[in-house]
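> Take this structure first; my questions come after.
The values are calculated or read from the model by the stated rules, or taken from the named source; none is laboratory data. These numbers come from a predicted model, not from an experiment. Here the Cβ positions follow ideal geometry from the backbone for every residue, glycine too, while neighbour counts run over all protein chains shown.
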Amino acid sequence: MHRVLTPRKVMAGAAVLLLTAGCSQETSAQWTRWGLPVGASQQSGNIGSLWSGAWTASMVVGVIVWGLIGYAVIRFRRKHRDEKPKQNRYNVPLEIMYTVLPFLIIGVLFLYTVRAQDAVMAHSGNPDRTIMALGQKWSWTFNYYEQDNPAVGAVIHNAGTIENYPDLYLPVNQKILFKIESNDVDHSFWIPEFYFKMDAIPGRTNTFEVTPTKLGTYLGKCAELCGAYHSQMLFNVHVVTLPEYYAYLNDLKAKGQTGEIPVNPQTTAVPVPSAKETTK
Ligand SMILES: [Cu+2]
């Protein structure tokens, strides 16, 4: 036996080190969710279990397939130089099996997908708050419809720019109805911690309801490649208590940010950085 370090061994060692060195407790916990962040809404559990279930099922199928491949490779390997493998044809039961099995697998995945989709797309009909998220090249505008709420008493708006990512405040444990709109091209409203995204399509109002359950600050993104500054379409999501939410809106009200910023395909309210800025 030679105990020498081959380049391959060094590479393998480095890979193991890299993999384990970066493993904080948080990272290890993330593995148990198959890479998802901690869910922060009432609806996220539905997608979370679909995601974990699909990965677990694929792994089970994978282990069976890899096992069978390994078994076939070892059990039926060539024993003599001139040996030809046994030629089989028309194994009808086997052919029926490998036609039916994939349909069964897809059928089960389909069933669970439809169930999860129905759950996250359900509308209660009595949301606590209504907020519009309006996408445009290349930021978001948020309208809070609080005109009938004595605690605020107005529609409040907050528009982002390409340099200043807008804030989105959401009260914890409240049913929020989102209206997703676009002024120009297709965008996609995405809060990764909610395990949910929805397209913003010009000329169409998409809606969904979500109940944030975890206080905290999250990063929201555009998940649809919408043009040159797509990557700048970020926003900060603050899940806060209801009094903090009202305080934030009243603060904007005091600054005069009242009235709705409507969908307007003519508007190019988001300034595009000057040539100087884009080259840096
Ligand atoms: Cu976009």
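> For the subset of region 209-236 comprising residues that are assigned to a loop (DSSP other than H, G, I, E, B) and more than 15 Å from the ligand (Cβ to nearest atom), which member is surrounded by the fewest Cβ atoms within 10 Å (Cβ to Cβ)?
Restricting to residues being assigned to a loop (DSSP other than H, G, I, E, B) and more than 15 Å from the ligand (Cβ to nearest atom), the top hit is 215.
> Does residue 97 fit the bill of being closer than 25 Å to residue 174 by Cα and either in contact with a strand residue (DSSP E or B) (Cβ under 8 Å, 6 or more places away or on another chain) or aliphatic (A, V, I, L, M) (or both)?
no
> Looking only at region 166-208, filter to residues that are assigned to a strand (DSSP E or B) and among the polar types (S, T, N, Q); which one of those is farthest from the ligand (Cβ to nearest atom)?
That would be 207.
> So which residues in region 100-121 are touching a strand residue (DSSP E or B) at 6+ places or on another chain (Cβ under 7 Å) and either loosely packed, with under 13 Cβ neighbours inside 10 Å or part of a helix (DSSP H, G or I) (or both), if there are any at all?
Answer for region 100-121, where residues must be touching a strand residue (DSSP E or B) at 6+ places or on another chain (Cβ under 7 Å) and either loosely packed, with under 13 Cβ neighbours inside 10 Å or part of a helix (DSSP H, G or I) (or both): just 120.
> Condition first: buried (at least 20 other Cβ atoms within 10 Å of the Cβ) and either more than 21 Å from residue 259 (Cα to Cα) or within 13 Å of the ligand (Cβ to nearest atom) (or both). Now tell me which residues in region 145-165 satisfy that.
Listed by number, the list holds a single entry, 160.
> Under the condition of being under 17 Å from residue 197 (Cβ atoms) and surrounded by fewer than 24 Cβ atoms within 10 Å (Cβ to Cβ), which residue from region 128-139 is nearest to the ligand (Cβ to nearest atom)?
Looking at the filtered set, the residue picked out is 133.
> Search region 175-192 for residues that are within 21 Å of residue 47 (Cα to Cα) and outside the structural domain of residue 133 (by TED's automatic domain parsing) and pair each with any residue that is at pLDDT 95 or above and more than 8 Å from the ligand (Cβ to nearest atom) when their beta-carbon atoms are under 7 Å apart and the residues are at least 6 apart or on different chains.
none
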